[in-house]
Each structure stands twice: as C-alpha cells, then as structure tokens.
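Reviewing the structure listed below.
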Amino acid sequence: MAKVRTGGGWRAIRYTLKKAYEVGGFWSLWKAMRSKNTCKTCALGMGGQAGGMVNESGHFPEVCKKSFQAMVGDMQGGIPDDFFRTYSIAQLSKFTPYQMEHAGRLVKPLLLGKGSQHYQPITWSEAMERIVTKLRNTQPQKSFWYFSGRSSNEAGFLLQLFARLYGTNHVNNCSYYCHQASGVGLTSVIGTGAGTIKLDDLEKSDFVMLIGGNPASNHPRMMRSLMMVRRRGGKVVVVNPMVETGLVNFSVPSDPMSLLFGTNIASTYVQPCLGGDLALMYGIMKRLKEMHALGRGEAPEPIIDEVFLADHTQGWDALAEHLDSLSWEEIVKKSGVEKEEINDVAVQYASSQRAVFSWTMGVTHHLHGSATVQAIAQLALMRRMIGRPGAGLQPIRGHSNIQGMGTVGVTPKLKEKIFERLESELGVKLPSFRGFDTLECLEAAERGDMQFAFCLGGNLYGASPDANFSRRAIGSTEMAVYMNTSLNTGHACGLAREETIVLPVLARDEEPEPSTQESMFSYVRLSDGGKPRHEQNADYGPRSEVEIISELGCRILGISGPINWLEMAHTSTIRKAIGRMIPGLEQISTMDQTKEEFSIPGRTLDTPIFPTADGKATIHVHDLPDVPEGLQLMTIRSEGQFNTVVYEEEDLYRNQSRRDIVLMNPDDIRSHGLTEGGRCRVRSASGEMRRVTISAYPKIRQGCVAMYYPESNVLVPKGVDPLSRTPSYKRVAVTIVSDESRPPSEDSPENISMVGAGTPREKMNQC
C-alpha cells in the first residue's frame with residue numbers, strides 16, 4: 001500500500017464517499033448523520049439537539065471516519081437465516097472481528113443450546129421465556145451484569161436498578177478494562193474521577209500534553225482542537241513509545257488550509273520506554289523544582305505556585321522531599337528519556353499559562369496505571385493548572401456514553417448519595433455486599449460461582465485479558481445473554497455451558513423514544529431516535545434495550561413493587577427517576593419539555609475548591625517501577641477499528657494492510673534472528689500466537705513490540721493495577737521466535753467466504 005504521511009485528509013473524504021455508496025448513496029448517509037442523535041463512537045461527543053455533526057460549541061461539520069463507520073455498520077442489511085445454517089460455531093470461532101462485524105445486522109433472537117453446533121433463530125417470546133426461567137432459578141449473587149458504553153443513560157440506569165432489586169451488586173461497565181485507573185487516580189487526588197475541563201477550555205489552552213494515546217486514529221475529532229492549539233502558537237507535547245503518523249501531521253478534513261497543506265501537531269515528540277510514563281512525570285516535576293529554585297522560566301508567575309500548594313493541597317512537602325532524593329540516573333533509566341529531553345518539556349510547560357493534560361490507555365493499561373494518573377494530576381497541581389479556566393485534566397475516554405454509565409450508577413459500589421436516594425425514593429433495602437468488578441466476575445465464573453451472565457452491548461470476551469481464561473470463565477456459566485446490533489467474537493467464543501442467547505437491539509438512531517448520553521466533557525445530550533431499519537413484529541426484529549429490560553422487570557419483579565416496570569418502558573419516565581435519584585442530573589428530568597442539553601454542575605473545576613472532605617487535593621508519593629528485561633508487548637488499536645469492533649483490516653496511518661502482525665523495531669528483528677515479512681511465534685505467560693507476520697516498524701522504540709487488540713488478548717495475563725483493578729494490556733513480557741509451521745487450515749478466517757448482508761455487493765446474493 002502507498003505510504004501515508006498525514007492523518008485524515010483526502011483519504012478520509014474518499015473513504016466516506018465509498019462507504020456512502022455501500023449504503024445507498026451519499027444522501028442516505030448524510031441524512032442519517034445529520035439527524036438529531038448523538039454520535040455513536042467516541043466520548044468527545046457531538047450531535048444531539050443541535051443536529052448531527054455539531055459539537056457543544058456550535059462548530060460544524062464536526063465529524064470523522066469513526067462516525068461514518070459506526071453509522072454504516074448500523075445501516076447494513078440483516079443477517080439471513082442461511083448464514084447460521086451455513087456456519088457452525090467451530091467456523092464462527094475462526095472468524096476475524098472484521099468478518100463478524102460485516103456479516104450484517106442482527107434481526108432475530110438467536111439460541112445456541114447445549115450440544116448444538118449452530119445458532120438457530122427463535123422468537124422473542126421463546127427468548128424471553130428462557131431468560132426469565134433461568135433468572136427465577138438463579139441465586140441473584142450468582143449472576144453478573146456487564147454494560148457497554150454505547151447504550152443510553154436510560155438503559156444503563158434501568159438495568160443496574162433491575163440487577164440491584166433482583167438482589168446483586170455484581171454490576172460493571174467496560175471502564176474496568178480501560179479508564180478505571182483514571183477514575184481511581186483522579187478521585188484519590190482531587191476528589192472526582194471525571195475530567196476537570198469543558199471543550200471550551202481545551203480550545204483556550206496554550207500547552208497540551210498528550211500521554212499514551214493516539215487520538216489521530218481513535219478520537220480523530222480531537223485533532224481539530226490540537227490544530228487550533230498550534231495555530232495559536234501553543235505547544236503540543238506527545239508522549240508515546242511509538243511515533244504515530246497522525247500525531248506528527250494531520251490534515252483536518254473540515255478545515256481547508258489543513259486539508260490542503262496538513263498541520264504539524266506535535267511540537268515535541270517524546271518516546272519513553274514502555275511503562276516509563278511514571279518516571280517521566282517525576283522527571284518533569286523534579287526539573288520544575290530545580291528551575292524554580294534557580295528562579296528560571298519565562299512565565300510572569302513563579303514556576304511552582306507554592307502559595308497554591310500550601311493553601312489547596314496536602315502532601316506537597318513529602319513529594320518535594322522525594323523529588324530531591326531521586327537521582328537523574330534513576331529517572332533517565334526508568335523513563336527511557338534523556339535528561340535534555342525532560343528539560344525541554346519542563347521548559348515548555350513552565351512557560352505556559354493554560355495547560356491541559358490528556359491521556360488514554362497507554363497510561364491506564366499498566367500495573368502502575370493509577371499511580372501514573374496521580375502523578376499527572378500532581379504535575380498539573382504544581383503550577384495550579386487545575387482550578388483555572390483553560391487548564392486542567394482530561395482523560396480521553398472511549399465509548400460515547402461510558403462516562404454516563406458511571407454517572408447513572410453502573411458500578412459495583414454505588415456512590416453513597418445515590419445509594420441513599422435510591423433506598424429513600426423506592427422505600428427498599430438494596431443489597432449492601434461488595435460487588436465484584438469485571439475481572440472478579442469472570443474469575444468467580446471460572447470457579448463455578450456464577451450461573452448467569454447478562455451483557456448490555458459490547459464484547460466481554462473480546463475486551464477481557466487472557467482470551468483462554470475468558471473463554472473458560474464464560475463457558476462455566478449456565479446461561480449467557482448478549483444484547484447487540486451485530487455479531488462479534490464473543491458470540492462464537494464466549495459461550496455458556498448450557499444456553500447462549502443473542503438479542504438483536506435497535507441502534508441509537510432507531511430508538512422509538514428519545515435517549516440521553518454524556519460526553520467525556522460531562523455534557524449531556526438528547527437523542528431523538530428514529531425509524532427502525534429492519535422489520536419488527538411480535539416474533540422477530542430488533543427491539544429497544546429499554547423495552548427488553550422493562551419486560552424483564554415486569555416478569556421477574558412484578559409491577560406492584562417499588563417500580564412500575566410497565567411505565568419504565570418509556571424513557572421519559574426513566575429520566576424523571578434519574579433526575580430524582582442521581583445527584584447532578586436533576587435537569588435531565590425536564591429535557592423532554594425543554595430540549596435543553598447541559599453540562600453536569602460541579603464537574604468543571606474553574607476554582608481551586610476540590611470536592612474532597614476538606615476541599616484540598618491530596619498529593620501522593622510513588623516509587624518508580626523497575627525497567628523489565630526483554631521484549632515488552634503493547635496492545636494497540638488500528639485506524640480502522642473502534643474498541644473491539646474492526647471496520648477495516650488495514651491500518652492506513654501505520655501503513656499496514658493486515659492485522660495478524662507484530663510491529664518491531666528493525667534492530668530488534670535482527671538481534672532476535674528474525675526476518676522482516678517472515679512468520680514468528682509470540683509467547684507470553686498466558687498464551688501464544690503462531691504464524692504471526694513480522695512487520696518492521698522503525699518508529700517504535702527498541703525493546704517494545706506492538707500487536708493489534710483484541711486478537712492479541714490471548715497474550716495478556718490477568719495481572720491488574722492493585723488500585724483500579726485494570727488489567728495490564730501494556731508492558732507484557734514476550735518472547736518471539738521464528739515459526740514456519742504449516743499454513744492455516746481450509747476453514748481459517750483468511751479462507752472463509754462470507755455469506756451475509758454486510759459483505760461486499762458481489763457476495764450478497766450467495767445465499
């Protein structure tokens with residue numbers, strides 16, 4: 001493939017036109033994208049009542065490839081019955097994530113019974129009867145409930161409420177596999193787990209440090225904000241073990257000048273060793289302290305705001321003493337960054353007036369992820385970059401409503417105020433035992449302590465570490481229920497021991513009633529919904545998530561208790577309940593009448609008053625982790641995917657045409673006796689992958705290798721950050737040896753001819 005030297009640009013525009021052709025033309029796609037619904041992809045958020053492709057500042061067009069990819073996926077034709085008669089579970093288990101996504105939309109409930117080798121379509125009546133029967137015969141504490149971040153606030157609130165009234169706190173969302181370390185780390189420092197800025201603050205900043213992320217691929221709309229920082233003369237410091245094309249230069253399609261000439265994004269690009277971010281943060285802090293002592297810096301204010309630290313934080317003296325005790329030799333060794341580079345970053349930061357720190361899973365997917373988040377927050381506190389406009393902290397979250405899920409109570413432990421309001425409003429005693437986090441639920445399942453698993457969207461199997469363990473764990477439950485719009489690898493590999501049921505659900509813009517979502521900037525939007533794309537009747541057709549949950553409530557808990565589950569089939573009723581029971585969301589109860597979208601009060605910190613017991617931030621001190629020996633694996637996502645969903649197998653910005661590869665520095669290839677383009681075997685403590693193609697990637701640090709997620713999850717052990725319980729998907733010790741074993745069998749993914757409505761047009765009529 002032709003080498004790509006910039007992100008976005010004309011290629012993104014051509015891709016959009018191509019996808020429009022696949023779904024009936026540009027006008028069809030345009031109407032879908034402009035409807036009054038929130039974007040279905042990342043948590044930056046756009047759309048809602050301002051219309052699609054508009055952000056909260058009113059900018060239009062606000063759009064990216066991810067937005068189009070998700071919409072096109074939902075506009076696929078339905079999967080025909082012949083598909084499930086054609087492909088057995090054994091064959092489906094060999095499908096790639098790409099093949100699963102492009103099989104088409106789920107339009108009928110599916111059942112895989114014990115001993116069966118094929119899914120069979122069943123009616124809604126049969127599906128619900130089987131689920132209800134199982135729930136009635138299951139001890140509530142032997143069930144767990146997993147939530148994707150793509151569902152609405154209404155569906156999330158209703159299902160977690162059902163689970164608790166049913167009798168369990170084993171309620172989780174997918175943040176335990178991504179940004180839980182952000183929430184835990186931030187809460188321990190400043191008293192809140194959400195970001196501290198609005199979109200407008202990012203637009204005003206003059207210094208952005210982007211740590212462990214690649215928004216050019218995963219959150220492309222953020223690139224316009226970074227472009228504006230550079231145009232204002234601001235600095236963008238990128239911290240990443242890999243040099244990513246889109247973070248070096250990006251051509252913003254909605255900006256004519258950027259589209260024509262590109263925009264240099266990174267003013268400085270720092271490549272620490274994998275997991276060296278914590279040591280790097282401490283190095284910057286130490287250098288700031290040294291500069292402050294010497295009275296250096298171009299800023300009119302002191303480099304370190306000692307008055308602010310004394311008045312608004314606790315623990316600064318201990319950190320200052322620790323910084324003095326750290327040697328530069330230790331910092332350089334454990335960060336992998338030379339002192340001169342650290343000094344350069346410190347000087348840029350010291351000269352800034354409004355600094356924003358952003359990070360993604362390159363920070364949180366480590367055994368010391370929470371500690372690194374704490375260190376980032378403390379680096380901001382040193383110069384009072386929290387508690388002033390245009391500055392602050394912003395974890396870049398994934399799914400469009402993952403933050404909303406946490407807000408409405410989708411957590412194993414409810415916040416005290418929410419717990420009290422629920423009990424008071426409903427007049428009930430909720431279960432108070434400690435709920436398991438996501439990994440704990442799977443571990444309990446593997447032990448035989450879980451009978452029932454319910455997944456509201458997402459791909460629990462594909463998101464979990466140690467794919468072999470995940471398969472065993474889900475396989476130890478008696479029933480697994482999945483609610484999805486399309487197939488994923490979990491439907492073939494995350495199978496329960498007795499019955500697996502897949503329920504087809506409506507996409508956000510097909511919902512019969514309005515729903516709400518919350519962005520990573522704590523901005524709540526209202527989506528209108530729309531007309532279903534596939535036929536619905538009493539027996540078949542996708543259904544609303546809320547409708548399904550309401551029926552479960554009626555049949556399991558009845559309508560005469562504290563909740564009238566019949567009324568809860570209406571999202572307006574749910575919003576009124578949310579407004580009464582969830583602090584900060586009172587305004588949501590009137591959105592049907594006002595249509596007014598809003599920022600959740602108290603989230604943005606414009607003043608240095610922190611939501612802690614004493615109003616002060618707490619500073620923590622950490623020892624720096626040692627540098628492991630040997631090759632270290634980082635799992636990555638491609639430009640053509642979003643979380644576990646793979647829309648395209650090529651990765652344009654890294655110039656890769658396939659996903660069954662390992663990216664290695666050419667020096668590592670030579671030193672390990674390997675050959676570029678050859679096949680290898682990659683081993684870790686949890687598993688191995690065979691016949692992986694070796695791809696030379698000069699822009700990755702020596703000693704670090706990269707492989708695509710979720711395919712490489714088999715290599716990721718179950719080790720977790722002790723504070724957040726987030727698995728360490730990065731910094732996985734691996735060995736790589738040559739593997740020229742036999743080629744794949746005839747029914748391997750690369751040799752399977754797809755049958756389904758979502759496949760290329762020339763194959764759509766095979767059935």
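Given the pairs Lys36/Lys235; Lys286/Lys417; Lys65/Lys531, which span a C-alpha to C-alpha distance of over 32 angstrom in this model?
Lys36/Lys235; Lys286/Lys417
Can you list which of the trypsin sites (Lys or Arg not before Pro) found in region 439-531 are DSSP loop residues with at most 16 other C-beta atoms within 10 Å?
Loop-located and lightly packed - Arg447, Arg497.
Dipole of region 631-741, Cα-centred, from +1 at each Lys and Arg C-beta and -1 at each Asp and Glu C-beta, to the nearest 20 debye? Don't skip to the end; give the middle numbers.
Numbers: 16 positive and 14 negative charges, 78 e Å.
My answer is approximately 380 debye.
May I ask you to compute the full-extension gain from Asn537 to Glu425, defined as 0.36 nm times their residue separation minus their alpha-carbon distance, rounded to one decimal in nm?
36.7 nm
Using the 10 angstrom Cβ neighbour count as an exposure proxy, how do Val705, Val714, Val737 rank, fewest first?
Lowest count first: Val737, Val714, Val705.
Calculate, for Ser432 and Lys339, the FRET efficiency according to 1/(1 + (r/R0)^6) with r their C-beta to C-beta distance and R0 30 Å; round to the nearest 0.05.
Efficiency computed from Cβ-Cβ geometry: 0.05.
Between the DSSP loop rule and a limit of at most 14 other Cβ atoms within 10 Å, which chymotrypsin sites (Phe, Trp or Tyr not before Pro) in region 166-230 are left?
Details: sites: Tyr166, Tyr176, Tyr177, Phe207; in loops: none.
In loop regions of region 166-230 (DSSP not H, G, I, E or B), there are no sparsely surrounded chymotrypsin sites (Phe, Trp or Tyr not before Pro).
Is the shape of region 291-396 best called rounded, prolate or oblate, per the rule: a/c under 1.5 gives rounded, else a/b larger than b/c gives prolate, else oblate, with a ≥ b ≥ c the square roots of the Cα gyration tensor eigenvalues?
rounded
Shape verdict for region 189-396, please, from the Cα gyration tensor: rounded (a/c under 1.5), prolate (a/b greater than b/c) or oblate.
prolate
Rounded to the nearest 20 Debye, what is the dipole magnitude of region 189-396 about its Cα centre when Lys and Arg each give +1 and Asp and Glu each give -1 at the C-beta? Please list the in-between numbers first.
Details: 19 positive and 22 negative charges, 124 e Å.
Result for region 189-396 is approximately 600 debye, rounded to the nearest 20.
What is the distance in Å between the Cα centroid of region 630-685 and that of region 548-566?
About 48 Å separates the Cα centre of region 630-685 from the one of region 548-566.
Against the empirical 2.2 N^0.38 Å scaling, what ratio does the C-alpha Rg of the chain come to?
Cα Rg divided by the expected 2.2 N^0.38 Å: 0.91.
Would you be so kind as to identify all helices of the chain, as entire DSSP H runs, whose Cα atoms reach 24 Å or more along the helix's own axis and whose mean Kyte-Doolittle hydropathy is at least 0.0? All intermediate terms of the calculation are to be shown ahead of the outcome.
Working: long enough: 277-294 (26 Å, 0.27).
Answer set is 277-294.
With the Cα gyration tensor of region 388-461 giving a ≥ b ≥ c as the square roots of its eigenvalues, does the rule (a/c under 1.5 for rounded; else a/b larger than b/c for prolate; else oblate) give rounded, prolate or oblate? Could the numbers behind the result be given before it?
Values: a/c = 2.35, a/b = 1.22, b/c = 1.93.
The shape class here is oblate.
So how do Phe419, Phe642 line up by other beta-carbon neighbours within 10 Å, fewest first? The partial results should precede the final answer.
Values: Phe419 16, Phe642 25.
Listed from fewest to most nearby Cβ atoms, that is Phe419, Phe642.
With a cut-off of at most 14 other beta carbons within 10 Å, and DSSP calling the residue loop, which trypsin sites (Lys or Arg not before Pro) in region 223-267 qualify? Please list them.
Working: sites: Arg224, Arg230, Arg231, Arg232, Lys235; in loops: Arg232.
Sites meeting the loop and neighbour criteria: Arg232.
How far apart, in nm, are two points set 7 Å out from the Cα along the Cα-to-Cβ line at Arg742 and at Glu567?
Label at Arg742, label at Glu567, 6.5 nm between them.
Using only helices, what value at 222 nm comes out for the chain when you add -39,500 (n - 2.57) per DSSP H run of length 4 or more and divide by the total residues, to the nearest 500 deg cm²/dmol?
Value at 222 nm, helices only: -9500 deg cm²/dmol.
What order do you get for Glu154, Glu547, Glu740 when you list them from fewest to most C-beta neighbours inside 10 Å?
Fewest-to-most Cβ neighbours within 10 Å comes out as Glu740, Glu547, Glu154.
So, in nm, how far is label Glu676 from label Ile13 when the simple model puts each one 7 Å beyond its Cα toward the Cβ?
Placing both labels 7 Å along Cα→Cβ, they lie 3.3 nm apart.
So, in nm, how far is label Lys31 from label Glu586 when the simple model puts each one 7 Å beyond its Cα toward the Cβ?
4.2
Return the percentage of antiparallel bridges among DSSP beta bridges fully within region 189-396, rounded to the nearest 5 %.
Around 10 percent antiparallel, to the nearest 5.
Need one number: % antiparallel among DSSP beta bridges in the chain, to the nearest 5.
Values: 35 of 86 bridges.
Here the antiparallel bridges make up roughly 40 percent for the chain.
Give the relative contact order (percent, whole number) for region 631-741; include only Cα pairs under 8 Å separated by 6+ residues.
36
Once you charge only the Cβ atoms, +1 for Lys and Arg and -1 for Asp and Glu, what is the size of the charge dipole of the chain about its Cα centre, to the nearest 20 debye? It would help to have the intermediate numbers written out before the result.
Values: 84 positive and 84 negative charges, 199 e Å.
Value, rounded to 20: 960 debye.
Values in this text are rule-based calculations from the coordinates and carry no lab data. What you are looking at is a predicted structure, and each value in this text was computed from that prediction instead of being measured. Here the Cβ is made from the backbone with ideal geometry for all residues, glycine too, and neighbour counts use every protein chain on show.
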